[in-house]
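In what follows, a single structure is set out as structure tokens and then discussed.
The values are calculated or read from the model by the stated rules, or taken from the named source; none is laboratory data. None of the values given here were measured: they were computed from a predicted structure. Using ideal geometry, Cβ is built from the backbone for each residue, glycine included, and neighbour counts are taken over all protein chains shown. Only protein heavy atoms, including side chains, enter the accessible area calculation; ligands, DNA and RNA are left aside. Shrake-Rupley method; radii C 1.70, N 1.55, O 1.52, S 1.80 Å.
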Amino acid sequence: MVFFSIILPYYDKRSKNDFPCHMKVSEHKGFVLVVDDEVGVGEMIETYLSEQGFKVIYSSEGQEAVEIAKKQQPDLVILDLMMPGMDGLEVCRQLRSDPVTQQIIIIMLSAKADETDIVVGLELGAKDYITKPVRPRVLLARIEAALRMRDEIINRKDAESISHYGISVHIGRRKVFVDGRSVELTATEFEMLFFLIKRPGWVFSRSQIVEAVRGDDASVFDRTIDVHLVSLRKKLGQYGQFIETVRGIGYKLRE
């Protein structure tokens with residue numbers, strides 16, 4: 001219900017042909033799974049993204065979407081929060097808990113704009129959270145930004161791993177070890193730690209961290225950074241204290 005729920009309020013009087021289309025390509029820009037229980041909305045998003053060069057599969061049910069994701073492993077899932085049966089949060093939990101699907105990018109869409117809902121979605125591992133109404137081009141920009149960031153991570157050649165104190169970040173494998181012990185981080189927590197560990201001692205504002213972690217097209221929710229960092233510190237154990245709060249500015253990783 002993700003994609004179309006956001007778009008439908010804005011384009012409630014438009015047909016599929018009203019969605020802007022400027023390109024058709026033979027090679028897919030990415031593989032997207034759209035999950036929305038409103039069939040009209042889901043199919044409209046499916047059509048729009050297909051016209052923009054994406055391979056798209058649409059599902060109207062949470063359980064079915066989980067099965068599709070496991071079998072076909074899309075690059076990105078557009079996931080509506082409010083669905084009957086298995087809702088978007090449960091779908092997100094299941095995708096993140098399965099090694100086969102845990103690296104799939106998830107963008108949640110919902111009419112719920114409460115900060116608590118946004119934080120829960122991000123904590124579960126969603127890369128981005130978009131509230132309704134959203135224009136199709138904005139949604140497209142978010143998708144492309146998320147995929148672009150994923151590709152940049154894959155193509156990083158500066159080092160196979162970065163270590164600081166007892167923390168080791170293996171970039172290509174997207175693994176984190178604390179004193180040799182593997183630690184499971186959400187996608188957002190991993191990006192935060194990677195951003196900070198590259199520049200020990202540097203002080204970054206919340207907005208700088210958000211931009212680095214979620215892309216410059218993403219909505220900035222400064223206060224959610226605090227929530228993610230609390231969780232990250234706990235997972236790093238005794239080294240969590242090395243992520244220091246700089247009053248009035250933001251955070252840094254101790255040198």
query = Under the condition of being surrounded by 18 or more Cβ atoms within 10 Å (Cβ to Cβ) and among the aliphatic types (A, V, I, L, M), which residue from the stretch 172-205 is modelled with the lowest pLDDT?
reply = Ala187
remark   = Residue set Gly62, Gly85, Gly53, Gly40; condition within 24 Å of Ile118 (Cα to Cα), open to solvent by less than 60 Å² (accessible area, probe 1.4 Å) and either in contact with a Pro (Cβ under 7 Å, 6 or more places away or on another chain) or not hydrophobic (A, V, I, L, M, F, W, C) (or both); output residue Gly62
task = Please determine, by comparing only the residues of the stretch 98-123 that are acidic (Asp, Glu) and modelled with pLDDT of 80 or more, which one is surrounded by the fewest Cβ atoms within 10 Å (Cβ to Cβ).
result = Asp98
query = Taking the stretch 179-202, which residues are β-branched (Val, Ile, Thr) and touching a Lys or Arg at 6+ places or on another chain (Cβ under 8 Å)?
reply = Val183, Thr186, Thr188
ask   = Looking at this structure, is Glu51 at pLDDT below 90 and closer than 24 Å to Ile104 by Cβ?
value = no
ask   = Any idea which of Arg150, Arg142 is part of a helix (DSSP H, G or I), buried (at least 16 other Cβ atoms within 10 Å of the Cβ) and at pLDDT below 80?
value = Arg150
So Ile6, is it at pLDDT 85 or above and in a helix (DSSP H, G or I) = no
inquiry  = Being open to solvent by 60 Å² or more (accessible area, probe 1.4 Å), in a helix (DSSP H, G or I), modelled with pLDDT of 85 or more and not charged (D, E, K, R) is true for just one of Gln208, Gln238. Which residue is that?
reply    = Gln238
ask   = What pairs can you find where one residue is in the stretch 175-194 and under 10 Å from Leu236 (Cβ atoms), the other is of a type in the set (A, V, I, L, M) and open to solvent by 10 Å² or more (accessible area, probe 1.4 Å), and their Cβ atoms are less than 8 Å apart, with a gap of 6+ or different chains?
value = Val176/Val183; Val176/Leu185; Leu193/Leu185
ask   = Identify, please: which residue in the stretch 157-171 is hydrophobic (A, V, I, L, M, F, W, C) and surrounded by 13 or more Cβ atoms within 10 Å (Cβ to Cβ) and is, among those, nearest to the chain's Cα centre (by Cα)?
value = Ile171
